[in-house]
Amino acid sequence: MVRTGQSTASASAAIPELPYAPPPGVAATGLEVMTLSELRDRMARAGQRPADPQRPDFHQLFAVESGTLRQSVDFTEHTTPAGGWLWVHPGQVQQYDELDDAEGTLILFQPAFPGPATAEAVGLDEASGAVARHPYGEHARAVRIALDHLRFEFAAERHPPAQSAHTEVLRHLLAVLLLRLVKLTEPDGEEADAATPSDTFRRFRAAVEQDFARTRRVADYARALGYSPRTLSRATRAAVGLGAKEFVDRRVVLEAKRLLAHTDRSAARIAAALGFADATNFAKFFHQRTGTAPGAFRASVRR
C-alpha cells in the first residue's frame, strides 16, 4: 500500500525527482557514503518525510547493520534485516516505512560513476526492481571488508593526497563491493550463476526505457535497432522470460501505476503522458493488463 500524506499541490505534479546533490564539504565525485542516522538528519533538515514518495536519479545501496529497514520500491515492500543489503536503482519510486528502526550505511552513486566494465559485469542498468542480497559466512565477511575499505577511503575525502587518484580509488573500491555483493552472492548466500543478457536485449531494453511513452509497437523498436521483431522477442524471452511486446507493455503499466499512485493527475493527463490517444484507450489497456481500472487501482493503493 502506498503511504500518502503529501499535499495535493505536490501530488498533482510529477513524482518528486531527487537529484544527486552532495552537501558542502563533500567533493562532487559522484559517490557519497553516509550512515542511516545521517540520512535521517539530512531529511529532517530538508523538511522531507520518510513516507513521501521520491524518485532519485542516482543509485542507493543500503547495508543494514542493526534493526530492520522497511521501505516500498515500485509497489513492492522490502524488509531488510541486519546483515541484509538493498540496491535501489535510479528512476524507481521509493518510500520509507520504518526508517527509525534501522542503523547502517547508505552508499549513493551516480550511474556514470562506476567504470564501463563494472557496469556491464554487475548489470548496472538491468534491474527492473530493487535488488536484495543477504550474504552469509565468508561472503558476508568479504562484503563487509569491501564496505569498510570504501568507508575508510571516503572519510579521507576532505584531505586526499590527490583528488584524481582519490576518485579512482573510490571507483575501484565501489567496483569490488558491487562485484562481491551482486555476482558472488544470491539472496540465500549461495554462489550466483546468472546468465548474462545478450547485447540485443540490452539495446532493446535501453530503447524501451527511452521511448516507451512514444510507442508500444515492437516493430518500431526493431526498425530503429536494425533487428526483426522475431529476433527481439527471442532475445527478450531468453533474458527475462517474456515476449518483446509483453516487456514493453509491462514497462508502460509500471509507469502508469507510479503516476496513479504518487500523483493526482487525471486519467486523461496520464494517458497523454504515456502516448495514448485518450483516457478511454488508456483505461482499456490498463484494465486488460492488470485486471482493474485505473481509478480502482488508485483507490486501492491510497487506502
> Using 15 Å as the cut-off for backbone N distance, which residues of segment 264-290 belong to the label zone defined by a point 7 Å from the Cα of D220 along Cα→Cβ?
Replying inline: 271-278, 282
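How much length would be gained if the chain were fully extended between V240 and A293, taking 0.36 nm per residue of separation minus their Cα-Cα distance, in nm to one decimal?
16.4 nm
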> How high is the relative contact order of segment 199-301, given as a whole-number percent (alpha carbon pairs under 8 Å, six or more residues apart)?
Replying inline: 22
> Between D100 and R302, 0.36 nm times their residue separation minus their Cα-Cα distance comes to what?
Replying inline: 70.4 nm
> Across segment 51-61, in residue order, what do the Karplus-derived ³J(HN,Hα) couplings come to in whole Hz, using 6.51 cos²θ - 1.76 cosθ + 1.60 with θ = phi - 60° and x for Gly and Pro?
Replying inline: 7, 6, x, 8, 10, x, 9, 9, 7, 10, 10
> Sequence-distant or interchain residues sharing an amide H contact under 5 Å with F58, placed H: which?
Replying inline: G91
> Quick one: putting +1 on the C-beta of Lys and Arg, -1 on the C-beta of Asp and Glu, what dipole do you get for segment 199-301 around its Cα centre, in Debye to the nearest 20?
Replying inline: 220
> What list of ³J(HN,Hα) values in whole Hz, one per residue of segment 86-97 in order, does the Karplus curve 6.51 cos²θ - 1.76 cosθ + 1.60 (θ = phi - 60°) give from phi, with Gly and Pro shown as x?
Replying inline: 9, 10, 9, 8, x, x, 6, 8, 10, 9, 8, 9
>> For Cα pairs less than 8 Å apart in space and 6+ apart in sequence, what is the mean separation divided by the residue count of segment 28-125, i.e. the relative contact order in percent?
In response: 38
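Classify segment 36-184 from the C-alpha gyration tensor, please: rounded if a/c falls under 1.5, else prolate or oblate depending on whether a/b exceeds b/c.
Numbers: a/c = 1.43, a/b = 1.29, b/c = 1.10.
It comes out rounded by the Cα gyration axes.
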> Hull surface divided by four, with the convex hull built on the Cα atoms of segment 199-301: how many nm²?
Replying inline: 6.4
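Using only alpha carbon pairs under 8 Å that are at least six residues apart, calculate the relative contact order of segment 35-82 and give it in whole percent.
Numbers: 27 pairs, mean separation 11.5, N = 48.
So the answer I get is 24 percent.
How far, in nm, would the chain grow between E38 and D199 when pulled straight, counting 0.36 nm per residue and subtracting the alpha carbon separation?
54.0 nm
At most 15 other Cβ atoms within 10 Å and a DSSP loop assignment: could you name the trypsin sites (Lys or Arg not before Pro) in segment 215-291 that fit?
Numbers: sites: R216, R217, R223, R230, R234, R237, K245, R250, R251, K257, R258, R265, R269, K284, R289; in loops: R216, R217, R265.
Listed in order of number, the matching sites are R217.
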>> With θ taken as phi - 60° and the coefficients 6.51, -1.76 and 1.60, list the Karplus ³J(HN,Hα) couplings across segment 281-289 in order, rounded to whole Hz; mark glycine and proline as x.
In response: 4, 4, 4, 5, 4, 5, 5, 4, 9
>> Quick query: amide H of L242 versus all other amide H atoms, modeled in the peptide plane; which residues come in under 5 Å with a sequence gap of 5 or more or a different chain?
In response: R237
> Given q = 0.16, 0.22, 0.33 Å⁻¹, what are the Debye log10 I(q)/I(0) values for segment 244-288, with equal point scatterers placed on the Cα positions and solvent ignored?
Replying inline: -0.37, -0.69, -1.31
>> If the reach is capped at under 27 angstrom between alpha carbons, list the lysines near K245, excluding any in the same chain fewer than eight residues apart.
In response: K257, K284
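Coordinate-derived values only; no laboratory data. What you see is a predicted model, and the numbers here were worked out from it, not measured in a lab. Here the Cβ is made from the backbone with ideal geometry for all residues, glycine too, and neighbour counts use every protein chain on show.
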